[in-house]
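The values are calculated or read from the model by the stated rules, or taken from the named source; none is laboratory data. Since this is a predicted model, take the numbers as computed values, not measurements. Please note: Cβ atoms are built from the backbone with ideal geometry, for glycine as well, and neighbour counts cover all protein chains shown. When the accessible area is computed, the model is the full protein with side chains, heavy atoms only, and any ligands, DNA or RNA have been set aside. Shrake-Rupley method; radii C 1.70, N 1.55, O 1.52, S 1.80 Å.
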Amino acid sequence: PENSPNTPAPNDEGFVQGVCPDGWHVPNDANMRDLMDFGAVALSSDSLWIVPTGDNSSGFNALPAGFYNPTTGRFEGLLGSTHFWSSESVSEMLAKHCSIEMGCNLLIDRDVTKNYGFSVRCLKDNLYSETEWTATQRKTPLE
């Protein structure tokens, strides 16, 4: 809940459902690393970016949503970046996230204070088990 100091607990499969519907979860650090293997070009939509460099070959279709900056009290980076929260907390004040910046083919993995306003992208539970997660499937569009 908003303004709650409590972090949602992982379910039986180890996923944090949080704001996601049943059968979906907020990506954990391992999920984020798997997404990072695709690269920013494959994850980014092929439209709406100021400089469209994405081809969305993964089917993830990351849009340039920008972020809310609590220091300035403004939304920034619209059409030039997008940022996604992970379910992983580093401390009471810090959490993990990854971002895609315009013109960069790498996803940037950082720890940031939890008062920033980033997007949440839910992933389907058990889309692939660790034993099924192969290089071929990594090239398959995400659901």
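Scanning the stretch 82-100 for residues that are open to solvent by 10 Å² or more (accessible area, probe 1.4 Å), in contact with a His (Cβ under 9 Å, 6 or more places away or on another chain) and hydrophobic (A, V, I, L, M, F, W, C) yields Phe84, Trp85.
Taking residues in the stretch 42-60 that are free of Cβ contacts under 8 Å to residues at least 12 places away in the same chain and open to solvent by 70 Å² or more (accessible area, probe 1.4 Å), and partners anywhere that are assigned to a strand (DSSP E or B) and of a type in the set (Gly, Ala, Ser), the pairs with Cβ atoms closer than 9 Å and at least 6 places apart or on different chains are Pro52/Ser44. Number of residues in the stretch 70-98 that are in contact with a Gly (Cβ under 9 Å, 6 or more places away or on another chain), part of a strand (DSSP E or B) and more than 14 Å from Asn28 (Cβ to Cβ) equals 5.
Please go through the stretch 104-114 and give me each residue that is part of a loop (DSSP other than H, G, I, E, B) and touching a helix residue (DSSP H, G or I) at 6+ places or on another chain (Cβ under 9 Å), ordered by number. I'd like the intermediate steps shown before the answer.
So in the stretch 104-114, the residues part of a loop (DSSP other than H, G, I, E, B) come out as 104-106, 114.
Of everything in the stretch 104-114, those that are part of a loop (DSSP other than H, G, I, E, B) and touching a helix residue (DSSP H, G or I) at 6+ places or on another chain (Cβ under 9 Å) turn out to be Cys104, Asn105, Leu106.
Under the condition of being under 20 Å from Leu94 (Cβ atoms) and either crowded, with 16+ Cβ neighbours inside 10 Å or touching a Pro at 6+ places or on another chain (Cβ under 9 Å) (or both), the residues counted in the stretch 20-34 number 5.
A quick yes/no check of all residues on (1) more than 22 Å from Leu107 (Cα to Cα); (2) at pLDDT 95 or above:
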site	(1), (2)
Glu2	yes, no
Pro8	yes, no
Val19	yes, no
Pro27	no, no
Gly39	no, no
Ile50	no, no
Thr53	no, no
Gly59	no, no
Phe75	no, yes
